[in-house]
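The numbers here are math on the coordinates, done by the rules we state, and not lab data. Since the structure is predicted, the reported quantities are computational estimates derived from the model, not experimental observations. Cβ coordinates were reconstructed from backbone atoms using ideal geometry, including for glycine residues, and neighbour counts include every protein chain displayed.
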Amino acid sequence: GAATGSSAGAGGGNDKIVMGFAQVGAESGWRTANTKSIQESAAQAGIELKFSDAQQKQENQIKAIRSYIQQKVDIIAFSPVVESGWDTVLKEAQRAKIPVILTDRAVDSPDKSLYKTFLGSDFVEEGRKAGQWLVDEYKDSKDPVNIVELQGTTGSAPANDRKAGFQEVIGADPKFKIAASQTGDFTRAKGKEVMEAFLKSTPKIDVLFAHNDDMGLGAIEAIEGAGKVPGKDIKIVTIDAVKDGMQALADGKINYIVECSPLLGPQLMDLSKKVLAGEQVEPRVVTEETTFTQEQAKQALPERKY
Ligand code: GYE
């Protein structure tokens, strides 16, 4: 008979929702804050969380998802490290009737029935905001502006989209030139290493666009190591607005940060409960974000949660 009021549980009389979450890794301050948000809000929502860290490797994420399917969790959520190559495992989840929610990053699969919703930022818009800052900053100058770009993880949605949004805006004026562009895998160490190489290969660098704060922070070390002043000799625009990034912005070492919120946990738990209760959810949930100048960073820092 119908069990009135019972939620979709794993059977065996246990009504607690079990979620399997396959995280990308711990590559950045953003990711650490994101993990914390998910763990805390699962506990708050009374959801049992099985959590795995894929160390930025797709094969590890696929393994984790398969193990969640085997364990018959109620719902799977994950942040796909790259956009491509998910159809097989997502079909396996679908066959097992386990709903999937994408958080933070998208997949490029044309079959939208493979997941219930995608919760996260508009990365193209973030790239546009970074580009727009540059356009405003150099509006009175006709000289060429030499830009170097530190890209996020190759093939990831934020790297692809931030690059595209930035290019779209700066591409309208030929004075903006991307002199060098390479991945720094969203990490501080790689950001430093690649910036050191840029400083050697590119004689005149006016601006660094880093796809996240951590790579920007690594690059600052490289710039200072080369005897240059970050924020002055080389202007820096980044994305995320985590604490360390905001501090560097307030200190004048970064010039502008586009915010990307990692606090997706509460919305994810909410959406999961709705999906499991059979309610309709929006196929795309976009997080709200702002931008910060150096002055705004000084004001926001004391209250900053991550
Ligand atoms: O910007 C970066 C992290 O997917 C939005 O991943 C996320 C990005 C974030 O490593 O710091």
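Structure data summary
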quantity	calculated
Across K72/K190; K91/K163; K139/K243; K235/K305; K91/K129, pairs whose alpha-carbon gap is larger than 28 Å	K72/K190; K91/K163; K139/K243; K91/K129
Ordering of 47-53, 299-305, 61-67, 94-100 by packing [mean C-beta count within 10 Å, highest first]	61-67, 47-53, 94-100, 299-305
Overall form of region 152-197 per C-alpha gyration tensor (a/c, 1.5; a/b vs b/c)	oblate
Calculated [θ] (222 nm, deg cm²/dmol) that DSSP helices of n ≥ 4 give over the chain, each run adding -39,500 (n - 2.57)	-12500 deg cm²/dmol
Between helix 265-276 and the chain: long-axis angle, C-alpha atoms, 0 to 90°, nearest 10	30 degrees
For the chain, size of Cβ-based charge dipole, Lys and Arg +1, Asp and Glu -1, in debye	560 debye
With Cα atoms, 0 to 90° folded angle of helix 188-201 axis to the chain main axis	30 degrees
Distance from region 51-126 to region 195-225 (C-alpha centre basis), Å	33 Å
Separation of the A277 and K232 label points, Cα + 7 Å toward Cβ, nm	5.7 nm
Lys, Arg +1 and Asp, Glu -1 on Cβ, resulting dipole of region 230-295 about Cα centre, debye, nearest 20	120 debye
Per DSSP, loop GluC sites (Glu not before Pro) in region 192-242 with at most 15 further Cβ within 10 Å	none
Sites matching trypsin sites (Lys or Arg not before Pro) across region 215-259 that sit in DSSP coil, with at most 16 neighbouring C-beta atoms within 10 Å	K228, K232
In region 128-191, the trypsin sites (Lys or Arg not before Pro) that fall in loop regions by DSSP, at most 14 other Cβ within 10 Å	K139, K142, K175
With 20 Å bins from 0: P(r) over the chain, alpha-carbon pairs, percent	33, 51, 15, 1
Virtual spin-label span in nm between T88 and K16, 7 Å along Cα→Cβ	3.4 nm
